[in-house]
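The structure appears below as structure tokens.
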Amino acid sequence: MRVAGARLASSTLTANKSFLSDHRLNLKSFGLNNVNARTKFNQNLSLTTTTKRQMASAAYKPEQARVPPAVPLPTPPLTKFKIGLCQLAVTADKERNIAHARKAIEEAAQKGAQLVLLPEIWNGPYSNDSFPVFAEDIDAGGELSPSTAMLSEVSRRLKITIVGGSISERSGGRLYNTCCVFNTEGKLIAKHRKIHLFDIDIPGKITFQESKTLTPGETPTIVDTEVGRIGIGICYDMRFQELAMLYAARGAHLLCYPGAFNMTTGPLHWELLQRSRATDNQFGEVLATTEHEEAIIISEIDYSLVEMRRTYLPLEKQRRGDLYQLVDVQRLNSQ
């Protein structure tokens with residue numbers, strides 16, 4: 001394939017040389033072989049090419065590729081910051097899990113993390129039997145939600161933003177897989193209920209249905225924090241690129257997907273899906289990774305790199321709004 005590509009490039013270059021040679025011959029035959037005439041011809045040729053490109057760009061209607069139109073990317077509160085990702089082992093002892101998560105958050109903050117993330121369902125086992133047992137009333141708070149009470153206290157004390165992984169939430173007689181986001185004052189500023197429930201059946205390997213116990217969320221979640229505008233998803237939400245594209249259209253600087261992938265599909269898809277969702281929005285480089293054991297990963301986020309890549313490759317101006325649209329139903333209905 002490389003050889004074919006090289007030959008193609010060579011043939012194209014040869015064809016371009018012939019094209020230029022033909023025009024030089026034409027210029028000479030009409031007596032226009034002086035420098036000024038050549039310059040004027042080249043300017044006209046360049047003008048024609050530019051005009052064609054502008055006409056093509058206008059026909060694409062990129063502003064119509066997202067309905068309503070994309071929100072301009074807001075100026076982030078800061079350009080660079082450290083993020084801490086906590087990978088935790090979970091037991092059937094809820095109090096131990098909460099204390100363990102607290103310690104991990106504190107360690108990440110000590111290493112300079114201004115944003116700390118926890119994994120999916122970190123306060124108890126990931127099973128349909130356990131979801132009701134470990135569920136908390138997040139809205140009531142306090143003793144009825146010791147997991148989020150801890151997150152609130154730690155975020156306020158350490159002055160950090162926390163994307164609190166997820167826990168099972170009990171609300172209105174239903175159970176949800178819910179991620180809570182706390183700001184540096186310890187205030188709950190967003191609550192994302194997992195939209196896409198993980199129902200899978202691979203004979204002889206894995207069968208699991210979240211929908212047997214959990215109720216799907218109804219709202220995409222995007223929140224302004226001290227480290228920028230964040231779009232939130234939970235694990236299986238990452239499979240659906242439309243959600244990530246919607247978050248980008250709402251001006252997200254960062255997408256966070258706490259997860260607990262299984263060991264059947266996880267090794268094949270986990271990193272691939274993360275990079276895919278990042279690449280959808282022009283930034284698919286792996287900055288840090290780890291294996292399957294407990295770990296605390298610290299990495300630096302630099303928003304200027306995203307801006308640079310979007311300047312070099314302006315996908316926003318190249319979307320074919322004349323052919324397809326991403327419709328943000330919630331924003332459309334709220335207008």
Please work out if Lys111 is at pLDDT 60 or above, loosely packed, with under 15 Cβ neighbours inside 10 Å, of a type outside the set (A, V, I, L, M) and touching a strand residue (DSSP E or B) at 6+ places or on another chain (Cβ under 6 Å).
yes
Being among the charged types (D, E, K, R) and closer than 19 Å to Ala65 by Cβ is the filter; apply it to the stretch 274-287 and report the residue that is surrounded by the most Cβ atoms within 10 Å (Cβ to Cβ).
Arg277
All but one of (1) under 23 Å from Val327 (Cα atoms); (2) touching a residue at least 40 places away in the same chain (Cβ under 8 Å); (3) among the polar types (S, T, N, Q) hold for Thr290, so report the exception by its number.
(1)
Residues in the stretch 317-324: is at least one of a type in the set (A, V, I, L, M) and not in a loop (DSSP other than H, G, I, E, B)?
no
For Glu107, indicate whether it is in contact (Cβ under 8 Å) with a residue 60 or more places away in the chain, in a helix (DSSP H, G or I), closer than 22 Å to Ile298 by Cβ and not hydrophobic (A, V, I, L, M, F, W, C).
yes
Have a look at Thr311, Thr290 and point out the one that is assigned to a helix (DSSP H, G or I) and exposed (fewer than 13 other Cβ atoms within 10 Å of the Cβ).
Thr311
Need pairs with beta-carbon distance below 8 Å; first residue on the phi > 0 side of the Ramachandran plot and within the stretch 130-152, second part of a helix (DSSP H, G or I) and not charged (D, E, K, R); sequence gap 6+ or separate chains.
Gly141/Thr148; Gly141/Ala149; Gly141/Ser152; Gly142/Ala149
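For every residue, the table says whether it meets (1) in a helix (DSSP H, G or I); (2) of a type outside the set (Val, Ile, Thr).
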{"position": "Thr184", "(1), (2)": "no, no"}
{"position": "Leu197", "(1), (2)": "no, yes"}
{"position": "Pro216", "(1), (2)": "no, yes"}
{"position": "Asp224", "(1), (2)": "no, yes"}
{"position": "Met245", "(1), (2)": "yes, yes"}
{"position": "Pro258", "(1), (2)": "no, yes"}
{"position": "Leu268", "(1), (2)": "yes, yes"}
Selected residue (only one of Leu254, Leu214 is assigned by TED's automatic domain parsing to the domain that holds Cys86, out of contact with any helix residue (DSSP H, G or I) (no Cβ under 7 Å at 6 or more places or on another chain) and of a type outside the set (Gly, Ala, Ser)):
Leu254
Would you point out which residue out of Val327, Val306 is modelled with pLDDT of 95 or more and either surrounded by fewer than 16 Cβ atoms within 10 Å (Cβ to Cβ) or closer than 26 Å to Val71 by Cα (or both)?
Val327
What are the pairs, 6+ residues apart or on separate chains, where a residue within the stretch 296-314 that is more than 15 Å from Lys82 (Cβ to Cβ) has its Cβ under 7 Å from a residue that is surrounded by fewer than 13 Cβ atoms within 10 Å (Cβ to Cβ)?
none
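The values are calculated or read from the model by the stated rules, or taken from the named source; none is laboratory data. What you see is a predicted model, and the numbers here were worked out from it, not measured in a lab. Note: ideal-geometry Cβ built from the backbone for every residue, glycine included; neighbour counts use all protein chains shown.
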